[in-house]
Amino acid sequence: MTENENHLLDVAPGEPHSNILSESIAYVIGLALAVILTGISFWVASTSAIWGPGVATGLVVLAIAQMGVHLVFFLHVTSGPDNTNNVLALAFGVLIVFLVMVGTIWIMAHMNANMGGMPDMTNMQMQRG
């Protein structure tokens, strides 16, 4: 390889490429990694070779890896100085999703305790009759 060809291939996966061939190769690599991680996830969920409680942990790890592949190869989120706004928008989105999830879990967990004073339908029918 010449020095110019080596320079064209020496680009981070999320950085824009200067030629269409390098960009296409990056997309194909991202697609291959996404398909492989998806296949492994289906295998982990359906096999009995993995200890039962470990399946959830394995799926979480594979999901995080899948998100990383999508962020780097398809959304081009890198740690470069020109991607600061993208990283901040991503962090804000993650914060909002986290708040919605935690709020929903908190509401659902405390709903039964807070509604404990409500009469049962069977008790109400017995009182009427």
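If residue 104 satisfies every condition in (1) under 29 Å from residue 32 (Cα atoms); (2) among the hydroxyl-bearing types (Ser, Thr, Tyr); (3) surrounded by 10 or more Cβ atoms within 10 Å (Cβ to Cβ) but one, which is the exception?
(1)
Select from the range 19-70 the residues that are exposed (fewer than 11 other Cβ atoms within 10 Å of the Cβ) and among the hydroxyl-bearing types (Ser, Thr, Tyr) and write down the one among them that is nearest to residue 86 (Cα to Cα).
46
Would a scan of the range 89-108 turn up a residue that is touching a residue at least 24 places away in the same chain (Cβ under 8 Å) and either more than 24 Å from residue 22 (Cβ to Cβ) or in a helix (DSSP H, G or I) (or both)?
No: the range 89-108 contains no residue that is touching a residue at least 24 places away in the same chain (Cβ under 8 Å) and either more than 24 Å from residue 22 (Cβ to Cβ) or in a helix (DSSP H, G or I) (or both).
Any read-out appearing in this document is the output of simple, stated calculations on the displayed coordinates, not a laboratory observation. Keep in mind that this is a model prediction, so the values were computed, not measured. We place every Cβ from the backbone using ideal geometry, glycine too, and count neighbours over all the protein chains shown.
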